[in-house]
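Written out below as structure tokens is the structure these notes cover.
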Amino acid sequence: MNPIATKYIKLNTAIPGPRAQELLTRKEASVPRGPFTTAPTFVVKADGALLTDIDGNTFIDFAGAIGTMNAGHCPPQVVEALKQQVDQYIHTCFHVMMYEPYVQLAEKLNEITPGNHAKKTFFLNSGAEAVENAIKIARKYTGRKAVISFERGYHGRTLLAMSLTSKIKPYKYQFGPFAPEVYKMSYPYYYRTPEGMGPEQMDEYILQRFQDFFLGDVAPDDVAAVILEPVQGEGGFVVPSKRFVQGVKQICEQHGILLIADEVQTGFGRTGKMFAMEHFDVVPDLVVMSKSIAAGLPISAVTGRAEIMDSPNPGEIGGTYGGSPLGCVAALEVIKMMEEQNLPARGQQIGERTMQAFARFQHRFPQVGDIRGLGAMCALEIVKDKESKEPDKELTAQIVHACNRRGLVILSAGLYSNVIRILAPLVITDEQLEEGLAVLEGVLEELCL
């Protein structure tokens, strides 16, 4: 690989460097194997789309803390709001003594989420908690028990969320038994459509399968909710058609089933709109949010139709740290950034530039089988050859490994672990984006040609 001239990436040592190696030794002695780490080093400073590690190496961030940093690392207005909040109070627990930022953030999310109906919002700590509570609310409102999720879907690692999730390893293997009354439906994967079947036929086939599903697996009047990622995240950045998403909504309306949009990874400007469901002209009954809601502060939300959200009785939903004051003030500033800087539109621009580079990669490298994305949620699917489309998990891991050691933090995804995904902060500059893409292209040259 020919060296790439870098303006933002600065590598003073090999990765990991000596101080990172010392910490890795301590980490291995004190932290269990289970929490997986992609980049083998330790951050000491983060700014915008750049990360600096303990050995003074600076990286371009194409991972964004798995889609958490859409507003960038340490945005000054968020940092200032947090400092002011810490000086006032850190936590009282909303269930003990309430605080205004909780109400302000609920009002704002009621305003900006899809749909003009009356809404209400409450807060938790993580995406998985929000998913679990959305299911609880749907069951309470409908009086039904069954829930339908989709193949390749990812909804978290707690028991119910893990039951909704589709990938066995590493998420579910030997962690059962799982929650009952959870069913899986197909989700279109157009790159892997059966021979002779086009995208439209795939959509119609899956939507028709719902009818047989309701005959053979669970009656529709026993189904409380369908939970859907508008773009599958961990499943490989698989983008459905508008026809498919609208068809799922129609089935839900026909049978009195609630539609839950899991916008944990797709929300807050990532796909070129504030929420990905806006691309499909579908208004969900409940929206689940987390990740980029608060620039890295742990907070999640469930927003939904007011009559649905009011179905649990006082005390039936909540949590000690849910909607912490710090998370609420951070989220309010993030939303202000999104609106004032028009970051969703920036997400669309990032996506266009990225997909132009990906089209070049697909033409140059036989192992780049498919390119896809929505807004700044972009992916390459790595295969052994374009004819067989056989997934190449090993090459994908090598690409991630090589990028990380060349100063580009990047992640894989997909049911077959063969997808390279881009989740760069939406504040990344054009120069930083191009430099990161050049590093990725250089790694593909070395490993694929």
Checklist outcome for this item: Of those in the range 124-142 that are in a helix (DSSP H, G or I) and of a type in the set (A, V, I, L, M), the residue nearest to Asp310 (Cα to Cα) is Ile137
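Condition test on Tyr154, is it touching a residue at least 12 places away in the same chain (Cβ under 8 Å) and either surrounded by fewer than 22 Cβ atoms within 10 Å (Cβ to Cβ) or assigned to a helix (DSSP H, G or I) (or both)? Working first, answer last.
On the way: touching a residue at least 12 places away in the same chain (Cβ under 8 Å): yes; either surrounded by fewer than 22 Cβ atoms within 10 Å (Cβ to Cβ) or assigned to a helix (DSSP H, G or I) (or both): no.
Against the criterion (touching a residue at least 12 places away in the same chain (Cβ under 8 Å) and either surrounded by fewer than 22 Cβ atoms within 10 Å (Cβ to Cβ) or assigned to a helix (DSSP H, G or I) (or both)), Tyr154 does not qualify.
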Checklist entry - Looking at the range 142-151, which of its residues are of a type outside the set (A, V, I, L, M) and within 13 Å of Asp221 (Cα to Cα)? => result Thr142, Gly143, Arg144, Lys145
Checklist entry - For the range 78-92, does any single residue satisfy the condition of being more than 25 Å from Ala261 (Cα to Cα), surrounded by 22 or more Cβ atoms within 10 Å (Cβ to Cβ) and of a type in the set (A, V, I, L, M)? => result yes
Item to check | Spans of strands (runs of 3 or more DSSP E) in the range 1-63 with at least 1 residues surrounded by 14 or more Cβ atoms within 10 Å (Cβ to Cβ), without any contact (Cβ under 8 Å) to a residue 12 or more places away in the chain and of a type outside the set (A, V, I, L, M, F, W, C) | outcome: 50-53
Checklist entry - Got a number for residues in the range 243-284 being outside any strand (DSSP E or B) and free of Cβ contacts under 8 Å to residues at least 40 places away in the same chain? => result 10
Next on the checklist: Yes or no: the range 173-188 includes at least one residue that is within 18 Å of Phe214 (Cβ to Cβ), part of a loop (DSSP other than H, G, I, E, B) and either aromatic (Phe, Trp, Tyr) or not assigned by TED's automatic domain parsing to the domain that holds Pro220 (or both).
Outcome noted: yes
Checklist entry - Where residues in the range 335-372 are in a helix (DSSP H, G or I) and of a type in the set (Gly, Ala, Ser), which of them is surrounded by the most Cβ atoms within 10 Å (Cβ to Cβ)? => result Gly347
Checklist entry - Inside the range 415-436, can you point out the residues that are surrounded by fewer than 23 Cβ atoms within 10 Å (Cβ to Cβ) and touching a strand residue (DSSP E or B) at 6+ places or on another chain (Cβ under 9 Å)? => result Leu415, Tyr416, Ser417, Val427, Thr429, Gln432, Leu433, Glu435
Checklist entry - For residues in the range 108-124 being in contact (Cβ under 8 Å) with a residue 12 or more places away in the chain and surrounded by fewer than 19 Cβ atoms within 10 Å (Cβ to Cβ), which is nearest to the chain's Cα centre (by Cα)? => result Ile112
Item to check | Of residues in the range 157-167 being out of contact with any Leu (no Cβ under 8 Å at 6 or more places or on another chain) and not in a helix (DSSP H, G or I), the one nearest to Glu263 (Cα to Cα) | outcome: Thr165
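The values are calculated or read from the model by the stated rules, or taken from the named source; none is laboratory data. Everything quoted here is computed from the prediction, not taken from an experiment. Cβ: placed from backbone, ideal geometry, glycine included. Neighbour counts: every protein chain shown.
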